[in-house]
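Beneath this line is the structure, given in structure tokens, with notes to follow.
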Amino acid sequence: AQSVTQPDIHITVSEGASLELRCNYSYGATPYLFWYVQSPGQGLQLLLKYFSGDTLVQGIKGFEAEFKRSQSSFNLRKPSVHWSDAAEYFCAVGSLIQGAQKLVFGQGTRLTINP
Amino acid sequence: GAGVSQSPSNKVTEKGKDVELRCDPISGHTALYWYRQRLGQGLEFLIYFQGNSAPDKSGLPSDRFSAERTGESVSTLTIQRTQQEDSAVYLCASSRTGNTIYFGEGSWLTVV
């Protein structure tokens, strides 16, 4: 069965500092991988996705993620965070079934930004 | 509409009552999904619909939960005899075949 682990429940970084959020997955085949962000009281917004090809994926808001098959990881990075990046971040692994993406989510990492 | 629309945005109900949550997917999206998010937790898959295929109901937590979809349009998630543990945000999402999933803002359900 698919599963996603986000080891860090809560991370605090200073504005302008670099960021890395960890994600490890368990999946038997080549996974579809996603990072979503959820701001307080809002729905989920897709940051980036990996389906195949280049293992370094660029997303919106200056985020990127790298797929490492040998480590079963898909860590999210940003070189310099902004106060507006404070939110909950979810990693997800998906399987394509009859044209539908069935996603399994991690528990999320809450990001706090210190001024 | 431009995005996935859910209603009501907030619902407070008494334990034992039935509730219905509605989702309007993005036009043209063949797949529709329901997820549940309990306070401080990740998202749990409930059910998805894809075209004319039989829905995948494997995530529904009990027989009190059911969902229907009219063609490739509106979906309704029904929770019968609500319990306090049903309190959560219920998120609907939709996608074109094999493509990115877009989420609505959710229906916040509180059972008192």
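Annotations
- Long-range Cα-Cα pairs in the range B:21-112 (distance over 18 Å), rounded percent: 39 percent
- Residues of the range A:78-115 that bury at least 10 Å² of accessible area when the other protein chains are present, relative to the chain alone (probe 1.4 Å, heavy atoms, ligands and nucleic acids excluded): A:PHE90, A:LEU96, A:ILE97, A:GLN98, A:GLY99, A:ALA100, A:GLN101, A:LYS102, A:LEU103, A:PHE105, A:GLN107.
- Accessible surface of chain A [probe 1.4 Å, protein heavy atoms]: carbon and sulfur percent: 49 percent
- Inter-chain Cβ neighbour average for residues B:103-109, partner chain, 10 Å: 3
- Contact order, relative form, for the range A:23-115: 28 percent (alpha carbon pairs under 8 Å, 6 or more residues apart, mean separation divided by residue count).
- For peptides A:90-97, A:27-34, B:88-95, B:104-111, sequence by mean Cβ density within 10 Å, most packed first: B:88-95, A:90-97, B:104-111, A:27-34
- A:ASP8 paired with A:SER26, simple spin-label distance in nm, labels 7 Å along Cα-to-beta-carbon: 2.3 nm
- Whole-percent carbon and sulfur share, accessible surface of chain B, 1.4 Å: 44 percent
- When the range A:1-71 is reduced to its Cα atoms, the Kirkwood hydrodynamic radius in Å: 13.8 Å
- Cross-link partners of A:LYS78 among lysines, defined as those whose alpha carbon lies under 19 angstrom from its own and excluding same-chain residues fewer than eight positions apart: A:LYS49, A:LYS61, A:LYS68.
- The charge dipole of the protein assembly as shown, taken about its Cα centre with unit charges on the Cβ of Lys, Arg, Asp and Glu (plus for the first two, minus for the last two), comes to roughly 200 debye.
- About the centre of its Cα atoms, the range B:12-112 shows a dipole size close to 80 debye [charges on the beta carbon of Lys, Arg (+1) and Asp, Glu (-1) only; nearest 20 debye].
- Descending semi-axes in whole angstrom, ellipsoid equivalent of the protein assembly as shown, from the Cα gyration tensor: 29, 21, 15
- Distance in nm between pseudo-label sites at A:GLN45 and A:ASN114 (7 Å out along the Cβ direction from Cα): 2.6 nm
- Peptide B:43-55 has a mean of 3 when you count, residue by residue, the C-beta atoms of other protein chains within 10 Å of its C-beta.
- Rounded accessible area per residue of chain B, 1.4 Å, Å²: 47 Å²
- Largest to smallest principal axis extent of the C-alpha atoms in the range A:44-115, angstrom: 46, 23, 21
- Cα centroid separation, the range B:13-52 to the range A:41-115: 22 Å.
- Simple Cβ-charge dipole of chain A, Lys/Arg +1 and Asp/Glu -1, about Cα centre, in debye nearest 20: 240 debye
The values are calculated or read from the model by the stated rules, or taken from the named source; none is laboratory data. Predicted model only: the values in this text are computed from it and were never measured. Cβ coordinates were reconstructed from backbone atoms using ideal geometry, including for glycine residues, and neighbour counts include every protein chain displayed. Just so you know, the surface numbers come from the protein's heavy atoms only, side chains and all, with ligands and any DNA or RNA stripped out. Shrake-Rupley method; radii C 1.70, N 1.55, O 1.52, S 1.80 Å.
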